[in-house]
Amino acid sequence: MRLANSLPTHVSIFEVGARDGLQNEKPVTTEDKLTLIEQLADAGIKRIEAGSFVSPKWVPQMADSKDVFTALKPNDLQDQSSIRKAGVVYSALTPNLKGLELALDAGADEVAIFGAASETFSQRNINCSIEESIARFEPVMAMAKARNIPVRGYVSCVLGCPYEGDIAIDEVARVSEILYKMGCYEISLGDTIGVGTPIKARNMVEAVAKLVPVKKLALHFHDTYGQALANIQACLDTGISVIDSSVAGLGGCPYAKGASGNLATEDVVYMLHGMGIETGIDLHKLAKAGHQISQVLGRQNGSKVAQAMPLD
């Protein structure tokens, strides 16, 4: 099944570095997070996952998400403290109803819920079965709809699970369809441990696209085995036009052994621009943002493009 047979002219980058990235790095200050978010917006990124409202017991790196979103609230003529940039959507990950309430109070523009295509991963990650997780999402979706807040859906382990190995494509499609029919405006398909390869990635997207419109799908491919760019390239002519990535390749998944790095935003933007696909992102500014947060963390920049680019 070939869905589109042509490359997109524009791809939207959904930047997850400030959340999915930093939650798996050593803690940084709220000020450093805000500097990163401001630099990402200045580089032209229009969709930024800025934090998550989860238990600080489990993810202490996200304990200051309320402060982050407070600084991002729209300002008025008397209040110039907000660093919000016009036209940028700032989103938050919310695992349950309490998380949603906190995100709404803090001023998040949109929220995301996260499920899995692997039963074991669901149990290990959010301590419930796939079906139980879906039941938990129902009140979240109802409140979000009542408050007119868009909800994005994540599906983990779409190309493999650290506990179960290969995952049935039909199960990925089933869970994706459930989240879409519940009201998620977009479904992000996550190769959580980065084991996917191009043909498997494309087959998975094509299977999901039979149940969820391909224009409502996004790719969230980790680069653990160095396959993320190849996997994305294999899927680009299916109609996919949204890619999740993390500046400087920050983070991974704390629940998946070996998932040591997200795909670096700089690397995917460089590839897309080289293919004649627009992103609206200034690669030079993006690379500078990645270098700065890497210095704060005391780690090497995970982007090969950023390492190669002169920043003078």
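Tabulated data for the structure shown
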item	result
Ellipticity estimate at 222 nm from DSSP helix runs (n ≥ 4, -39,500 (n - 2.57)) divided over the chain, nearest 500	-11500 deg cm²/dmol
Per-residue Cβ neighbour rank within 10 angstrom, fewest leading, Y90, Y180	Y180, Y90
Likely footprinting exposure, I199, I37, fewest C-beta neighbours within 10 Å first	I199, I37
Estimated distance in nm for a label pair at E278 and I199, the labels positioned 7 Å out from Cα along Cα-to-Cβ	3.6 nm
Inter-centroid distance (Cα atoms) of region 22-37 relative to region 156-226, Å	28 Å
Label-point separation, K57 to L97 (7 Å along Cα→Cβ), nm	2.0 nm
Diffusion constant of the chain at 20 °C, which comes from Stokes-Einstein with the Kirkwood Cα-pair radius and 1.002 mPa s, µm²/s	112 µm²/s
Residue order, fewest to most beta carbons within 10 Å, for R19, R299	R299, R19
Most mobile listed residue (V296, V68, V208) in the chain, GNM with C-alpha springs under 10 Å	V296
Contact order normalised by residue count of the chain, Cα under 8 Å, 6+ apart, percent	21 percent
E164 versus Q307: modelled label distance in nm, points set 7 Å from Cα along the beta carbon direction	3.5 nm
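A short reminder: the numbers here are calculations on the coordinates, not readings from a lab. Just so we're clear, the structure is a prediction, and the values are computed from it rather than from any experiment. No Cβ is skipped: glycine too gets one built from the backbone with ideal geometry, and neighbour counts run over all protein chains shown.
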